[in-house]
Amino acid sequence: MPENTDTQTQGGKIRVKLDDLLHERRMTLTELAERVGLTLANLSILKTGKAKAIRFSTLEAICRELECQPGDLLGYEDVTS
């Protein structure tokens, strides 16, 4: 099963769970990129946790195509505790 991707921020981690959602829906990253109108490279940056930001319009498109909520795609983990 795919693993979540972490992005380190001050005091916490943003978890990108795109791999898990794609696996559950049996969809490829290429297929999602075509459906949401993003390049495969840009979507890959998000999937690997290397993205510094995401536009709400992109988040909305991904959630629409994966039939999920933003919280299903992204999570926050406090690492200072």
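The values are calculated or read from the model by the stated rules, or taken from the named source; none is laboratory data. Here the structure is a predicted model, which means the values were calculated and not measured. With ligands, DNA and RNA removed, areas are computed over all heavy atoms of the protein, side chains included. Shrake-Rupley method; radii C 1.70, N 1.55, O 1.52, S 1.80 Å.
Solvent-accessible area per residue for the chain at a 1.4 Å probe radius, Å²? Walk me through the numbers on the way to the answer.
Numbers: 5390 Å² over 81 residues.
The answer is 66 Å² per residue.
3J(HN,Hα) couplings calculated from phi for region 71-80 with the Karplus curve 6.51 cos²θ - 1.76 cosθ + 1.60 (θ = phi - 60°) are, in sequence order, x, 6, 8, 10, x, 10, 10, 6, 9, 8 Hz; Gly and Pro show x. Pairwise Cα distances in the chain exceed 14 Å in 61 percent of cases.
Please report the carbon-and-sulfur percent of the accessible area for the chain; probe 1.4 Å, protein heavy atoms only, DNA, RNA and ligands left out. Working shown, then result.
On the way: 2630 of 5390 Å².
For the chain, the apolar C and S fraction of the accessible surface comes to 49 percent.
Computed from phi, the 3J(HN,Hα) profile of region 55-63 under the Karplus parametrisation 6.51, -1.76, 1.60 (θ = phi - 60°) reads 6, 4, 5, 5, 4, 4, 5, 5, 5 Hz, with x in place of Gly and Pro. Histogrammed with a bin width of 5 Å, the alpha carbon distances of region 38-77 distribute as 6, 21, 34, 30, 9, 1 percent, first bin at zero.
Short-range pairs are left out: with C-alpha atoms under 8 Å and at least six residues apart, the relative contact order of the chain is 41 percent.
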